[in-house]
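Rule-based calculations on the coordinates, nothing more; no lab input. All figures in this text were calculated on a predicted structure; none of them were measured in a lab. Every residue, glycine as well, gets a Cβ built from its backbone with ideal geometry; the counts of neighbours run over all protein chains shown.
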Amino acid sequence: MTTIFTRIINGEIPGTFVYRDTSCVAFMSINPITAGHVLVVPIEEVDHWVDMASELSAHLFAVSHKISIALSRAFPCTRVGMIIAGYEIDHCHIHLIPTQSMEDLNFANAATSIERAALEEHAHRLTKELSQN
C-alpha cells in the first residue's frame with residue numbers, strides 16, 4: 001500500500017519541500033514540535049530504518065547533517081535534535097527539530113496544525129540557509 005509520504009513525494013498531497021534529490025526528500029512537518037521541524041524521507045518506501053540499504057542510510061544522514069546546519073542558522077537553537085521513531089507512518093523518516101532543551105523533543109508538544117503561511121515562511125528561511133552552502 002502506498003504511504004502518505006509517497007503520495008506527498010509524488011505530488012498527490014501537498015508538501016512544503018526544502019530539499020530533493022534522486023534518493024530522498026525533505027519537507028516541513030505539518031505537526032511541528034518547534035518552528036523549523038523538518039522530515040527527511042527516502043523516496044523508496046522502507047518501513048524500518050534498519051531495513052534500508054547502508055548506502056541509502058548513509059545518504060539520509062548526510063542530507064540530515066546538511067539540513068541541520070542550515071536549521072541551526074535559520075532557527076537559532078541549542079541543538080538540532082534527530083529522531084527516527086517510525087511508529088506513526090510505515091515509511092522511514094528522520095525528524096530534525098530545532099531545540100533549546102530535551103523537552104523540545106516530546107511529540108506530545110507537536111502542533112495539531114500549522115497555518116500555511118507560517119509553514120511557507122519556515123521553509124523560506126530554511127531554503128535560504130541551504131542555498132548558502
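Annotation: amide H-H contacts under 5 Å for residue 18 (H modelled 1.01 Å from N, sequence separation of 5 or more, or interchain): 26, 27, 28. Each helix, a run of at least 4 DSSP H residues, gives -39500 (n - 2.57); summed and divided by the residues of the chain, these come to -10000 deg cm²/dmol at 222 nm.
Taking the charge dipole of the range 37-80 about its Cα centre, with +1 at Lys and Arg Cβ atoms and -1 at Asp and Glu Cβ atoms, the residue from 70, 56, 39 reaching farthest to the positive side is 70. Per-residue extension of 0.36 nm, minus the Cα-Cα distance of residue 31 and residue 12, leaves a gain of 4.9 nm for this segment. State the Cα centre-to-centre distance between the range 5-72 and the range 78-133 in whole Å. Using only Cα atoms, the two centres lie 11 Å from each other.
Residue-normalised convex hull volume from the C-alpha trace of the range 4-128: 100 Å³ per residue.
Loop sites by DSSP among the GluC sites (Glu not before Pro) of the chain, restricted to those with at most 11 other Cβ atoms within 10 angstrom, leave 13-87 as the longest stretch without any of them.
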